[in-house]
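Novice: Have a look at the structure that comes next, please.
The values are calculated or read from the model by the stated rules, or taken from the named source; none is laboratory data. Just so it is clear, the model here is predicted, and its values are computed rather than measured. All Cβ positions, glycine included, derive from the backbone under ideal geometry; neighbour counts span all protein chains shown.
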Amino acid sequence: MANRVLFLTLTDGLYGGEKCLLGMLAGLSSTSPIDPIVVVTAEGRLTAELEKRGIPWVVHSLLESRSYWNVPSLSLQARRWLNDLKPRMIYINANTYWRPFEIPVARLMGIPVVTHHHLLPDTLSPFHRYSNLAVANSHYVASSLPIHGLDVQVLDNPVELDAFDRATPNPAFYGISPGELSVFFIGQIKAIKGVDMLLDAAAVVSKEIPEVRFVLIGDTNEDSYLKHVRSRIEAMPQVRWMGFDPSIEQAYATADVIVMPSSWDEPFGRIAIEAGAAAKPIVCTQVGGIPETVHDGKTGLLVRRNDGAQLASALLHLLKNPELRIRLGKAARREVERRFAAPVVSRRLEELIVPLLNVAPLQTIGAPGS
């Protein structure tokens with residue numbers, strides 16, 4: 001009999017953590033012992049994708065108290081909700097919650113809780129102590145978590161290869177003419193993603209190879225940075241910003257080179273494995289967990305953080321050497337097939353959580369504050 005697992009998300013978007021969840025669920029086989037239901041806070045891009053895939057979902061906002069007076073009523077609501085859905089496990093696909101009552105109530109009922117860490121928050125919730133297991137998306141994140149006395153296991157982010165295998169190039173859609181080369185940036189348009197570093201490098205590269213086009217795909221919720229990026233791009237005819245595009249597999253298929261010039265410590269660097277799925281070479285900054293997914297000179301090129309000159313040099317090296325681009329892209333694809341393909345990651349997920357489906361109630365591991 002399959003075991004119902006509630007996969008809780010804290011956003012209705014479709015970013016790294018949500019794509020990771022979709023990949024994990026897509027990789028489950030028809031005989032998997034896991035019966036997933038995704039719990040979302042609201043309808044949005046994520047629920048649209050869940051509907052398309054036929055993955056069951058429900059809307060539920062986590063119950064967090066602002067006063068001691070409503071603790072009993074919220075606890076009762078959480079118990080009723082859990083009794084209605086009858087899960088064998090709660091899997092929280094984020095570590096940015098604070099004090100949701102569903103967690104301690106689940107543990108009191110003997111329902112195990114797993115917390116999946118996609119980020120390194122400044123402060124962890126006091127309710128993390130109720131988790132039976134912490135999952136991190138890289139060794140970098142796992143080794144940096146301020147967690148004591150809790151098992152932490154690494155689970156790579158997955159990628160669904162079928163979507164990339166079906167994708168076909170469409171240069172005209174991105175404003176790329178025959179004979180031109182292209183460098184694609186795919187991700188959120190934020191300062192921490194190194195967009196300014198990329199634009200600095202683009203100015204250098206374009207002087208030496210005028211037929212190169214730079215395409216940015218992604219959106220932003222930072223108005224001031226949006227204006228800043230727009231003003232820079234207006235003066236750079238070789239750069240085009242396309243905004244959010246859900247059909248990113250087509251973008252990867254079209255690109256000659258992918259770039260991920262993050263200035264912050266990326267916990268994992270999902271763009272790197274998506275580039276590998278498309279057999280495309282990538283240039284990344286050597287930050288956070290990226291060196292775990294990109295092997296310098298073998299599956300991609302790594303450059304220093306905030307070093308636009310080195311980024312420009314790496315891009316020029318790739319753009320001038322088509323054989324190197326092919327070699328790196330093929331090697332990256334082999335690595336993705338071996339380690340990051342959705343079925344591979346989903347089997348690892350099962351290895352981690354299925355043994356936890358029968359656990360003791362919360363009283364056996366200590367009360368809050370102990």
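Novice: Report, ordered by the first and then the second residue, all pairs with beta carbons closer than 9 Å, sequence separation of six or more or different chains, a first member in region 142-154 that is of a type outside the set (D, E) and part of a helix (DSSP H, G or I), and a second member that is at pLDDT below 90 and buried (at least 16 other Cβ atoms within 10 Å of the Cβ).
Specialist: Within 9 Å, the pairs are S144/L120.
Novice: Has region 100-108 got at least one residue that is surrounded by 14 or more Cβ atoms within 10 Å (Cβ to Cβ), of a type in the set (G, A, S), closer than 24 Å to L25 by Cα and touching a residue at least 40 places away in the same chain (Cβ under 8 Å)?
Specialist: no
Novice: Going by what's in this entry, would I111 be described as assigned by TED's automatic domain parsing to the domain that holds K86, free of Cβ contacts under 8 Å to residues at least 24 places away in the same chain and of a type in the set (V, I, T)?
Specialist: no
Novice: Evaluate region 257-273: report whether one residue or more is in contact with an Asp or Glu (Cβ under 7 Å, 6 or more places away or on another chain) and aliphatic (A, V, I, L, M).
Specialist: No, region 257-273 contains no residue that is in contact with an Asp or Glu (Cβ under 7 Å, 6 or more places away or on another chain) and aliphatic (A, V, I, L, M).
Novice: Please tell me if G54 is touching a residue at least 24 places away in the same chain (Cβ under 8 Å) and among the small types (G, A, S).
Specialist: Values: touching a residue at least 24 places away in the same chain (Cβ under 8 Å): no; among the small types (G, A, S): yes.
No: the conditions fail for G54.
Novice: Hydrophobic (A, V, I, L, M, F, W, C), surrounded by 20 or more Cβ atoms within 10 Å (Cβ to Cβ) and outside any strand (DSSP E or B): is that true of V135 in this structure?
Specialist: no
Novice: Can you tell me which residue among A332, A309 is modelled with pLDDT of 95 or more and surrounded by 19 or more Cβ atoms within 10 Å (Cβ to Cβ)?
Specialist: The match here is A332.
Novice: State all residues of region 223-269 that are of a type in the set (D, E, K, R), in contact with a helix residue (DSSP H, G or I) (Cβ under 8 Å, 6 or more places away or on another chain) and over 19 Å from G300 (Cβ atoms); if no residue qualifies, say none.
Specialist: So in region 223-269, the residues of a type in the set (D, E, K, R) come out as 223, 227, 230, 232, 234, 240, 245, 249, 256, 265-266.
Restricting the remaining residues to those that are in contact with a helix residue (DSSP H, G or I) (Cβ under 8 Å, 6 or more places away or on another chain) gives 232, 240, 245, 249, 256, 265-266.
Hits for region 223-269 are R232, R240, D245.
Novice: Do any helices (runs of 4 or more DSSP H) entirely within region 1-99 hold 1 or more residues that are within 23 Å of S131 (Cα to Cα) and at pLDDT 95 or above, and if so, which?
Specialist: Once the helices (runs of 4 or more DSSP H) in region 1-99 are filtered for at least 1 residues that are within 23 Å of S131 (Cα to Cα) and at pLDDT 95 or above, what remains is 16-26, 71-85.
Novice: Which of the residues that make up region 144-169 are within 21 Å of L21 (Cβ to Cβ) and of a type in the set (S, T, N, Q)?
Specialist: Scanning region 144-169 gives Q153, N157.
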